[in-house]
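Structure record follows, encoded as structure tokens.
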Amino acid sequence: MEYVYSNGSNTMNGSKRGSKLRKNKVKQIFQNILMLVFIFIIISMFFNVSLGKDKLTTKTIIVDSGTTLWNIANKICINNEDLNVQNVIIQIKKINNLQSSMIYEGQELLIYNY
């Protein structure tokens with residue numbers, strides 16, 4: 001069974017009208033999702049700036065015999081309970097362009113001042 005809707009001079013059958021309504025609904029949902037993604041990106045950028053990651057200063061340490069990244073990160077975390085040892089290791093590796101966790105005696109490493 002097919003219905004015909006009349007809107008003044010424009011007439012549209014039920015199946016075409018339903019299809020058009022579905023397309024508009026999908027388009028509206030897609031636009032809403034894009035808007036939410038955009039808002040999330042903007043908020044993320046704001047939090048990165050407000051946390052002051054770029055404002056952290058660094059200091060250089062010289063690696064002693066038998067020292068590991070875990071030892072260094074653990075000492076940092078003992079003084080700051082808000083930090084996580086694994087995350088500090090990742091940061092040390094990143095700012096020193098280390099591909100692995102291997103460090104050697106006499107090596108100079110940059111670490112953040114927390």
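The values are calculated or read from the model by the stated rules, or taken from the named source; none is laboratory data. Worth saying up front: this structure is predicted, and the values here are computed from it rather than measured. For neighbour counting, all protein chains shown are included, and Cβ atoms are generated from backbone atoms with ideal geometry for every residue, glycine included.
What number of residues within segment 59-97 satisfy the criterion of being modelled with pLDDT of 90 or more and not in a loop (DSSP other than H, G, I, E, B)? If you could, list the steps in order and put the result at the bottom.
Start the filter on segment 59-97 by keeping residues that are modelled with pLDDT of 90 or more, which leaves 59-78, 83-97.
Okay, now just the ones that are also not in a loop (DSSP other than H, G, I, E, B), so 59-62, 69-78, 85-95.
The number of residues fulfilling the criteria is 25.
Has segment 25-38 got any residue that is outside any strand (DSSP E or B), of a type outside the set (A, V, I, L, M) and on the phi > 0 side of the Ramachandran plot?
Our first condition is that a residue be outside any strand (DSSP E or B); within segment 25-38, this holds for 25-38.
From the residues that got through so far, the ones that are of a type outside the set (A, V, I, L, M) too are 25, 27-28, 30-32, 38.
Still in the running and on the phi > 0 side of the Ramachandran plot: none.
So far as segment 25-38 goes, no, none of its residues is outside any strand (DSSP E or B), of a type outside the set (A, V, I, L, M) and on the phi > 0 side of the Ramachandran plot.
Among the residues of segment 1-55, what is the count of those that are touching a strand residue (DSSP E or B) at 6+ places or on another chain (Cβ under 8 Å) and at pLDDT 65 or above? Give the derivation first.
The initial filter retains those residues of segment 1-55 that are touching a strand residue (DSSP E or B) at 6+ places or on another chain (Cβ under 8 Å), namely 2-5, 11-14, 17, 20.
Filter again for at pLDDT 65 or above, leaving 17, 20.
Count: 2.
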